[in-house]
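What follows is a single structure, written as structure tokens, with notes after it.
What follows draws every value from the coordinates through simple rules; no lab data is involved. Model, not experiment: these values are computed from the prediction. Glycine gets a Cβ as well: all are built from the backbone with ideal geometry, and neighbour counts include every protein chain shown.
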Amino acid sequence: MATRIGVDIGGTFTDLVYFDEETGRTVEGKVPTVPSAPEEGVARAVTEHVPADIIASAAYFLHGTTVGLNALLERRGAKVGLITTTGFRDVLEIRRGDRAEMYNLFWKQTVPLVPRRLRLEAGGRMLGSGDEMTPLDRASVLAAYEVLKAEKVDSIAVCLLNAYANSRHELEVERILRDAGFEGGISLSHKISGEYREYERTSTTVIDAFVRGRMSNYLRRLEGKLRELGFKGECLITRSGSGSMTFAEAEDRPFETIMSGPVGGAQGAGELAKMLDIDTLITADVGGTSFDTALILKGEPQVLFEGVIDNMPVQTPWVDVRSIGSGGGSIAHVDIGNLMRVGPQSAGAVPGPACYGKGGTVPTMTDAAAHLGMLGPGNLASGINLDFDQAKAALAPVADAIGQDVEATAAGVLRIASASMANAMREISVEQGLDPRKMTLLPFGGAGPLMATLLADELRMNRIVVPPMAGNFSAWGLLGADMVQSAARTRIMDFVGASVPAINEVLAGLFKTISERSDRSEEGAVKSARLDLRYKGQEHWLSVEVPYEGGSLAEDVGSIAERFRAEYRRAFGNTMNDAIEIVSVRATVRVPLPRREARFEHKPVASAESRSIDAYSFEKGARMPFKVVPRNSIDGGLKGPAIITEGTTTTYLDAEWTASIGNSGEMIMERGI
């Protein structure tokens, strides 16, 4: 075991959880996020909630952040130039020639991160086999550099045709640029992604060049703050594909941290699912700005090998988390057709919902919940005391615009928000042939437990598990993030016994590449491998995990092929008799962190004098008395309606629902029959 601190930055709050190795105690804390300087919010969370001696003795600081993601969405990154092979200057603009929204007549494609004047060509060409067709033209590279130097670019992305098969030309371009005096960042596509598909690899390389400077500066500022506070351990940040990497590795491969923020909750959900033996779990992470949902099957989050941000592909392992702009700070407004909408705009951390009393005046989902009594007496985390009059005043203009009273408007805001969230949950479950009605719902985040029974109503679910420390669950999930590195290489060949030596050779090269990226010891490291397989003649593939021992595959080709066919049948409903071929080979090295005790004891404590509040019941369609019950006082079963309070979140238990505490401190909510 090892003492560790986990901090997750959200759009409204920065959440902290630390595990004290000596006492076995887990402590949580929450402070407002500082959008202009996120590291300041992290420093405040640490100083306010972690004793100085714990800071000094902690072995790990684990972090989840959306700094890279926000840089992309807000287009606040480096000025990037692109050098590519002659004839491929416009690949970022041409893309795949399709439309993300086929029937939307007003849909517009995302503007490329690199404008055409900064996309320049270099002569020379490699074949897909790795053989050189035409030598690199040094003069064209120098000519491109002169243009980029005049434009004062901050970084240069180099993506040459078929560089995944032979990187020699890209390395030559890097040497030419450095010899010519370029001192900015250079992102080489073969180091970023070893996979084919020129558009996707170019997009990934450009994204890396775009966020590199901002991410590096942020991580250096944050590490400096932590060192000033006395932290002496290792700083880690979560990867988009789960697991963690050191700050130094993240500076070298920042594109792997784009989805760092939402991953912690998915990792924690997987750990909890294993602990509680829940086969299928769907998460509902409701924060102040966004809603995230992930599917957990057999204790594992679902991992893709390509993500998409703002219609831009990123070739990297990617936990399948679906996000929409709907959270506690989502603003209710009336559109041009006089219909009420909720989100995606958010009041964020500043000024926040009107009921926070920090200057906000527009109505938000939190204001609606406050007015309906769903937040109980209104004493929230971080010293926030709700102003119910301000909540009602903010909702009134919207109510007048749609011709409803404030009560009906507030209920409508919650219903609209929950319907949007439920749609995202349907996408991630029904599209895989899974029925959410047969799953368990895991709500967390500041407003997850608040919305849990409404989401269950939308999806006709009957069982909800609210985890311990639900308000800071994503930060808790960070604490179990093992250090992970991965690499992939496209190598198209027949999947037959004669190909096994070539597969082993590729894997050996990938594990060597991973080893060279890091200077840490590989003691205790676990190596694993995957093969991307497809039927011959197909365009897309399925990834199959394969056992890897002693430097080679530890399963015969026939057995792997049968598993591929079974997975193909599960995904598409049938199978084919065609030959199978390999598309790419993937390698992963996982260095486990020392295990921490994940179980939480629930020892009911006597509560103060019982209280109740009039709150709105969605089951009954009217206000009625709700008991106000601290979570730590629940002993046996609790029958709704009730408002269940704890340090960093509030659970809304509607009528017809019951709650009880499980053996590991989880709260189990079930619909009455």
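Annotations
- Sites THR86 and GLU306 - FRET efficiency at Förster radius 30 Å, r taken between beta-carbons, to 0.05: 0.65
- The GluC sites (Glu not before Pro) of the stretch 1-51 meeting both criteria, a DSSP state outside H, G, I, E and B (loop) and at most 10 other C-beta atoms within 10 angstrom of the site's C-beta, are GLU22.
- Within the chain, no helix built from a complete DSSP H run reaches 20 Å or longer along its own axis (Cα positions) while carrying a mean Kyte-Doolittle hydropathy of 1.0 or higher.
- Here the Karplus relation 6.51 cos²θ - 1.76 cosθ + 1.60, evaluated at θ = phi - 60°, turns the backbone of the stretch 154-166 into coupling constants of 7, 8, 10, 9, 10, 9, 9, 4, 6, 5, 5, 8, 7 Hz, with x for every Gly and Pro.
- With the convex hull of its Cα atoms as the shape, the stretch 1-144 has an orientation-averaged projected area of 15.5 nm².
- Under-5 Å amide H pairs with MET667, H placed in peptide plane, nonlocal only: VAL466, GLY662
- Spin-label pair ALA143/GLN432, simplified geometry with 7 Å Cα→Cβ offset, distance in nm: 5.0 nm
- Cβ-derived FRET efficiency at R0 41 Å, ALA248 paired with VAL500, nearest 0.05: 0.70
- Using alpha carbons only, the radius of gyration of the stretch 499-540 set against its Kirkwood radius gives Rg/Rh = 1.11.
- Farthest toward positive dipole pole in the stretch 94-239 [+1 Lys/Arg, -1 Asp/Glu at C-beta], among PRO135, GLY97, LEU120: GLY97
- Size of electric dipole in the stretch 483-591: Cβ of Lys, Arg +1 and of Asp, Glu -1, about Cα centre, debye, nearest 20: 280 debye
- Size of charge dipole - the chain - debye, nearest 20, with Cβ of Lys, Arg +1 and Asp, Glu -1, no other charges: 620 debye
- Beta bridges by DSSP in the chain, antiparallel share as percent, to the nearest 5: 75 percent
- For the stretch 555-673, Kirkwood radius (reciprocal of mean inverse C-alpha pair distance, Å): 19.3 Å
- Protection-proxy order for peptides 152-158, 435-441, 175-181, 477-483, each taking the mean of Cβ atoms within 10 Å per residue, highest first: 477-483, 152-158, 435-441, 175-181
- Contact order for the stretch 309-413, expressed relative to its length and based on alpha carbon pairs under 8 Å spaced 6+ residues apart, stands at 23 percent.
- Over all pairs of different C-alpha atoms in the stretch 251-345, the reciprocal of the mean inverse distance, the Kirkwood hydrodynamic radius, equals 14.9 Å.
- Calculated P(r) tail over 45 Å for the chain, as whole % of Cα pairs: 23 percent
- Sequence ranges 107-119, 314-326, ranked by mean other-Cβ count within 10 angstrom, highest first: 314-326, 107-119
- Debye log10 I(q)/I(0) for the stretch 422-482, one point scatterer per Cα, at q = 0.12, 0.14, 0.29 Å⁻¹: -0.33, -0.44, -1.14
- Coarse-grained scattering of the stretch 299-368 at q = 0.13, 0.16, 0.20 Å⁻¹, given as base-10 log I(q)/I(0) from a Debye sum over alpha-carbon atoms: -0.56, -0.70, -0.80
- Over the stretch 73-215, the ratio between the Cα radius of gyration and 2.2 N^0.38 Å evaluates to 1.04.
- Our analysis of the stretch 294-442 gives Rg over Rh at 1.05, with the two radii drawn from alpha carbon positions and Rh computed by the Kirkwood formula.
- Computed on the stretch 73-215, with alpha-carbon pairs under 8 angstrom and 6+ residues apart, the relative contact order is 31 percent.
- Counting all C-alpha pairs of the stretch 401-534, share separated by more than 18 Å (%): 72 percent
- Computed [θ] at 222 nm, helices only, for the chain once each DSSP H run of length n ≥ 4 contributes -39500 (n - 2.57): -10000 deg cm²/dmol
- Cα-derived Rg to Rh of the stretch 483-591, Kirkwood definition: 1.00
- Residue-by-residue Karplus 3J(HN,Hα) for the stretch 94-99, coefficients 6.51, -1.76, 1.60, Hz, glycine and proline x: 6, 6, 9, x, 10, 10
- When you filter the chymotrypsin sites (Phe, Trp or Tyr not before Pro) in the stretch 574-673 for DSSP loop state and at most 12 other Cβ atoms inside 10 Å of their Cβ, nothing is left.
- Inverse mean reciprocal Cα-Cα distance (Kirkwood Rh) of the stretch 1-54, Å: 11.3 Å
- Its relative contact order, with pairs defined as Cα atoms under 8 Å and 6+ residues apart, puts the chain at 12 percent.
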